[in-house]
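A.B. asks: Please find one structure pasted underneath; my questions will follow.
Only the coordinates and a few stated rules stand behind these numbers; no lab work does. Only a predicted model underlies this, so the values are computations on that prediction, with no experimental measurement involved. For neighbour counting, all protein chains shown are included, and Cβ atoms are generated from backbone atoms with ideal geometry for every residue, glycine included.
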Ligand code: HPA
């Protein structure tokens, strides 16, 4: 099995797929199924919860239970540097975690304590497969090496926070990746992450915080979903 985990708006893009649901020790997980491709809407079907309240453990445990051996996560972000400007997408290769969330399956209470190395969180082969699929589909400027800083939200950042994050090496900001990436890596599931930018982060746009039009966001997320599916299934 292969999987994609995607955020808000995914329901509009994949409406016609079979809907399923699976129980885990952390709760129920909704997903769509197309052949051997599982698509998990991060927030469940048709609703949205604050990023800190997403049931990441259930979603990631469901990947394991379903026998998923490759997963791509898709993330809407704000741009901090021009490495990934609004309207562009790229492969995330590292992250900073400012959430303070409970982000482990192995806390020494419910399961034996385990310290997971985070040097190889993002799978090289899967990233290369994505780049190949994107190239085949006509993309000629595939961005990579993006550093994603994760905030707890749901509020957006202050301009001072964004300046600090830029000084720390972050290219984009969002509210979900670090938690999901850590849990996926704890279970050793090969994983790649795609960020697409929908705004300049706080303080970087003279107009204030302004987002791409819904139509552009939908077009972008549809494109990334289709390229990700191609990368995972070899274009079948
Ligand atoms: N900040 C945090 N999360 C986001 C942003 C942002 O500017 N844009 C999209 N997700």
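A.B. asks: Go ahead and run the numbers for FRET between residue 81 and residue 223, Cβ-Cβ distance against an R0 of 25 Å, rounding to 0.05.
C.D. replies: It comes out at approximately 0.70.
A.B. asks: When the Cα centres of the stretch 116-179 and the stretch 40-68 are compared, how far apart do they sit, in Å?
C.D. replies: 19
A.B. asks: Taking the number of other C-beta atoms within 10 Å as the exposure measure, put 194, 227, 187 in order starting with the fewest.
C.D. replies: Values: 194 26, 227 23, 187 16.
By the 10 Å Cβ count, ascending, the order reads 187, 227, 194.
A.B. asks: Order by neighbour count: 19, 163, fewest other Cβ atoms within 10 Å first, most last.
C.D. replies: Ranking 19, 163 by Cβ neighbours within 10 Å, fewest first, gives 19, 163.
A.B. asks: Given an 8 Å cut-off on Cα distances and at least 6 residues of separation, report the relative contact order of the chain as a percent.
C.D. replies: Relative CO of the chain lands at 28 percent.
A.B. asks: Further question: Estimate the FRET efficiency between residue 113 and residue 152 by the formula 1/(1 + (r/R0)^6), using the beta-carbon distance for r and 25 Å for R0, to the nearest 0.05.
C.D. replies: Numbers: r = 24 Å, r/R0 = 0.96.
The calculated FRET efficiency here is 0.55.
A.B. asks: Also, I was wondering about something else. Within 10 Å of each residue's Cβ, count the other Cβ atoms and sort 185, 43, 115 from fewest upward.
C.D. replies: Ranked by crowding around the Cβ, least crowded first: 115, 185, 43.
A.B. asks: What is the spin-label model distance, in nm, from residue 26 to residue 132 if the labels are put 7 Å beyond Cα along the C-beta direction?
C.D. replies: Rounded to a tenth, the inter-label distance reads 3.1 nm.
A.B. asks: Which shape class applies to the stretch 3-87: rounded if a/c is under 1.5, otherwise prolate when a/b exceeds b/c and oblate if not, where a ≥ b ≥ c are the square roots of the Cα gyration tensor eigenvalues?
C.D. replies: Verdict is prolate for the stretch 3-87.
A.B. asks: Extending each Cα 7 Å along its Cβ direction at residue 207 and residue 34, get the distance between those two points in nm, one decimal.
C.D. replies: Calculated label separation equals 3.1 nm.
A.B. asks: Please label the shape of the stretch 2-145 as rounded, prolate or oblate, based on the square roots a ≥ b ≥ c of the eigenvalues of the alpha-carbon gyration tensor (a/c under 1.5 means rounded; beyond that, a/b larger than b/c means prolate, else oblate).
C.D. replies: Oblate.
A.B. asks: Then there's this: Measuring from label point to label point, each 7 Å out along Cα→Cβ, what is the residue 216 to residue 69 span in nm?
C.D. replies: About 4.1 nm separates the two model spin labels.
A.B. asks: Right, next: Using Cα springs under 10 Å in a Gaussian network model of the chain, which residue among 206, 180, 161 shows the largest mean-square fluctuation?
C.D. replies: Result for the chain, Cα springs under 10 Å: 206 fluctuates most.
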